[in-house]
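Input: a single structure, listed below in C-alpha cells.
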Amino acid sequence: MFGWTGKILHVNLSKGKAVADTYEASMARNFLGGRGFAAKILWTELERGIDPFSPGNKLVFAAGPLTAFSLPSSGKLVVASKSPLTGGYGDGNIGTLAAVHMRKAGYDAVVVEGRAKKPTVLIVRDETAEFLESKDLWDLNSFETEKKLKSVYGPNTGILCIGQAGENLVKYATIVSQEGRSGGRPGMGAVMGSKVLKAVVFIGSHDLQAAYPKEMQELGAEAYREVLTKPNYAFWKRQGTLSTIEWSQENSVLPTYNYSEGVFQKAEAIGGFAMEKIKVSNRGCPQCNMTCGNVVKDSDRKESELDYENVAMLGSNIGLGSLKQVAALNRVADEYGLDAISLGNILGFAMEASEEGLIDEKIPWGGFKAAKTLIKDIAYRQEGLGDLLADGVYAASVGIGQNSNQWAMHVKGLEVSAYDCHTTPAMALAYGTSSIGAHHKDAWVISWEVKTGRKGYSAEKVDKVIELQRLRGGVFECLTVCRLPWIEVGLELEWYTKLMHAATGLEISWGDLNVVADRVFNLTRAFWVREFGKKWSAEMDSPPDRWFDEPLSEGPLKGTKLDRTKYDIMLQNYYRRRGWDGRGIPTKLTLSKLGLKDVAKELKGHVKLVD
Ligand code: PTT
Ligand code: SF4
C-alpha cells in the first residue's frame, strides 16, 4: 500500500507488551483512517456495555493517509475511545508532532488497552516500544510533563500527555500536546488516566511512501503556496478563530450566562481586536503555514493560547469580561488537561445554580477567583462540588436536581460548544445529531444558516447539515488533516482528491469519499445504539430544553426561541434522508448499502431493526 503505512501497533499495558500488526487493504479503502479507523476498531473490538474506565476499554490514536506528508496542515491525529462522559462513541482531533512521528515510526494507528500497575510512559521509537515507570511525572501538569520528557527525548519528539484532570478521571479531561493543543473532549484524557498512562512519546525516522513521490512533493508545495495567496490569509494570521467573537455577538449567538442569552455586554473586551492588543506570538500545529494559535500574556503573566471556543466559554458564558483573566482560566484548563468547552459550560451551570440558591457555594457570574478555585477542585475531584462537577453537566444536574436539568446544556451528555441556538434550528440539529454529542465540529452550519435565513426548519437545512457532516465529520476526520485551510481561507476541496491520488495511487472521487463518510457516520451511530439498546430514542438527538422554553431576553433577536414541534419534524426529515427509522436507528437496508451487513446483524441482537 502507498499512503498508508499499513500497520497498527497494539499495546497492552497490563502485560507490558506491544505488537505491530498489518491490516487488510479493504480497511484502508472502506474506512480511510482517523475517525474511520477508530470507529471500526472500537466497534469490532469492544464488548457492549464495557466500563469506559476498565482495562478492557481501548484508547485509539489514529491518523490518515495524508497525515504527516508535506502538505497544508497535515499534523493532526484522532484520539478515540468509549466515552466515560457520554457512554457512547467519543473522539477528538489534536494538532501535534505526535501525529507526524507516529506515522514516521511506521503506524497508522496505535491501540492501547489494559492498565499499567504504576504510572507509565510509553515510548514508541520506530519498531520498538518501551514501557517506562514514571512516578516522578504523576501529578505534574501537562506543560511540566511535556517539558521534562522533551529534556530527555529532544525538543522535536511527538508527545501526548495528560494533566491532573486525566489522572483523577475527570470525565471531560483531554489529552494535551505542545502546550495548548488539546483534544478528546468526551474524556479521552480520563480514559488515558484510567490506564495509568501519563504520556506517549513518538519518535519516528522513516520516510512515508507515496505512490507518486514527485507529484506529491510538487502538489504539497503548490498547495502551501496557494494558501498564502488567499485574501483572508493575513487577517487569519492576526486573529485566527478569535474574530468569531465579534461575529457571534453581531448575530446573537454568543453563549452568554449559561446560554440564556446570545449577546454579551462586554463582548468587545474579549474579541479578536482586544486579543491583538495583548498578543505575543502565533503558535500552531506541525506542517501548517496558517499557525492560528493566538498566544497572549494572561493575568498571571503566563502564556496562554486562545481560540474562539475557549474565550466564549470561559468568557461570555460565565459573564467574565477581562480577556487576560479568561486567558488565565484557559491556561489552567490546559495545564490540568480539562476540556475548555465543557469546563466553561459547567462553570456557567454552577454559577446559575449558585444564583438560584440550589448550592451553598457562592460562585458569582464573572467571579474570576471563585472560578479558578473551582477549576482546581474539579481537576482534583475535591469532595463536594468539585467532585460532582467533574462528572459533567448532565450528572451534576441529576445530583443537584430541582429542575436544574432545564438549563444543563448538553446533548447525550456532552456539553454544548460555543454557539447559542435560540435562533438557529439547523445548528441545533447539528448538535443534536453529531457523532459524539453536542460538538460543533461535525457540522458548523451556523455561518451558512445566519447568511441564508435562520427562521425555517426546511429540508434545505437538513441537507446542508448532512453535507457538512460528510465533509467535516467524515472526510477531514478520516484523512486526517486540519479542515481550516478549506473553511477559513478557502483552499479548494479539489486539492484533497489530487493529494490523495498522489499519496495512495488510487482514483478516489468526492463521491467515493462521501460514501466512506456515510459508512463511518452510520458506524458511530451503531456504536451508540448498541450501547443504549432499547433505551435509545429520538429524544437522544434533542437539544437542551432551555432553547425551546426560554426566549432570548436581550439583543436584536429578543423573544426568539426554538419551536419543539418544528424541530421534531425536521429531525424526522433528517432521519429519512439518512435512511434511519423514526428512532434515529439505521435501517438494515442502509447498513447493507454501506457494506455494514455484519453491523446490522450484531445490532439486531440488541434492538429491533427496521428493514
Ligand atoms: C476541539 C475543541 C475546540 S474546537 C476548541 S477551540 W476551536 C477547544 N480548544 C481547547 C483548548 O485549546 N484547550 C483546552 N484545554 N480545551 C479545549 N477544548 C476545545 O476543543 C484546534 C483547532 C480548532 S480550534 C478547531 S475549531 C479545528 N478543529 C478541527 C477538528 O476538529 N478536526 C480537524 N480535522 N481539523 C480541525 N482544525 C481545527 O483545530 P477536539 P487542536 Mg482540539 C487551547 O480537539 O476534542 O476535537 O475539540 O485540537 O489541535 O487544539 O486544534 O475554535
Ligand atoms: Fe493547527 Fe490552526 Fe494550522 Fe489548523 S490552521 S493545523 S488548527 S495551526
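Values for this structure:
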{"quantity": "Among (1) in contact with a helix residue (DSSP H, G or I) (Cβ under 6 Å, 6 or more places away or on another chain); (2) within 21 Å of His10 (Cα to Cα), the one test that Lys171 misses", "calculated": "(2)"}
{"quantity": "Helices (runs of 4 or more DSSP H) wholly inside region 213-286 containing at least 1 residues that are closer than 20 Å to Lys324 by Cβ", "calculated": "233-239, 244-250, 272-278"}
{"quantity": "Candidate set: region 64-82, residues that are more than 12 Å from ligand 2 (Cβ to nearest atom) and assigned to a loop (DSSP other than H, G, I, E, B); chosen: the one nearest to the chain's Cα centre (by Cα)", "calculated": "Gly64"}
{"quantity": "Hey, Val100 out of contact with any His (no Cβ under 6 Å at 6 or more places or on another chain) and in a helix (DSSP H, G or I) or not", "calculated": "yes"}
{"quantity": "Qualifying residue in region 359-366 (condition: part of a helix (DSSP H, G or I) and in contact (Cβ under 8 Å) with a residue 24 or more places away in the chain)", "calculated": "no"}
{"quantity": "From the options Leu338, Leu385, Leu320, Leu329, residue that is within 13 Å of ligand 1 (Cβ to nearest atom) and touching a Leu at 6+ places or on another chain (Cβ under 9 Å)", "calculated": "Leu329"}
{"quantity": "Boolean, Ala221 is within 16 Å of ligand 2 (Cβ to nearest atom), surrounded by fewer than 20 Cβ atoms within 10 Å (Cβ to Cβ) and at negative phi", "calculated": "no"}
{"quantity": "Which listed residue is surrounded by fewer than 18 Cβ atoms within 10 Å (Cβ to Cβ) and away from ligand 2 (no atom under 16 Å from the Cβ), from Glu268, Glu246, Glu261", "calculated": "Glu268"}
{"quantity": "Members of region 397-418 that are open to solvent by less than 10 Å² (accessible area, probe 1.4 Å) and either touching a residue at least 60 places away in the same chain (Cβ under 8 Å) or hydrophobic (A, V, I, L, M, F, W, C) (or both)", "calculated": "Ala408, Met409, Val411, Gly413, Leu414, Glu415, Val416, Ser417, Ala418"}
{"quantity": "Scan of region 287-297 for residues that are surrounded by fewer than 21 Cβ atoms within 10 Å (Cβ to Cβ) and in a loop (DSSP other than H, G, I, E, B), ordered by number", "calculated": "Asn289, Thr291"}
{"quantity": "Qualifying residue in region 158-180 (condition: in contact with a strand residue (DSSP E or B) (Cβ under 7 Å, 6 or more places away or on another chain), farther than 21 Å from Asp339 by Cα and open to solvent by less than 30 Å² (accessible area, probe 1.4 Å))", "calculated": "no"}
{"quantity": "Close pairs from region 531-552: first free of Cβ contacts under 8 Å to residues at least 40 places away in the same chain, partner surrounded by 15 or more Cβ atoms within 10 Å (Cβ to Cβ), Cβ under 6 Å, at least 6 apart", "calculated": "Phe548/Leu562"}
{"quantity": "Hits in region 83-99 - residues which are more than 12 Å from ligand 2 (Cβ to nearest atom) and open to solvent by less than 10 Å² (accessible area, probe 1.4 Å)", "calculated": "Ser83, Gly88, Tyr89, Gly90, Asp91, Gly92, Ala98"}
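The values are calculated or read from the model by the stated rules, or taken from the named source; none is laboratory data. Just so we're clear, the structure is a prediction, and the values are computed from it rather than from any experiment. Glycine gets a Cβ as well: all are built from the backbone with ideal geometry, and neighbour counts include every protein chain shown. To get the accessible areas, we keep the full protein, side chains included, count just its heavy atoms, and leave off ligands, DNA and RNA. Shrake-Rupley method; radii C 1.70, N 1.55, O 1.52, S 1.80 Å.
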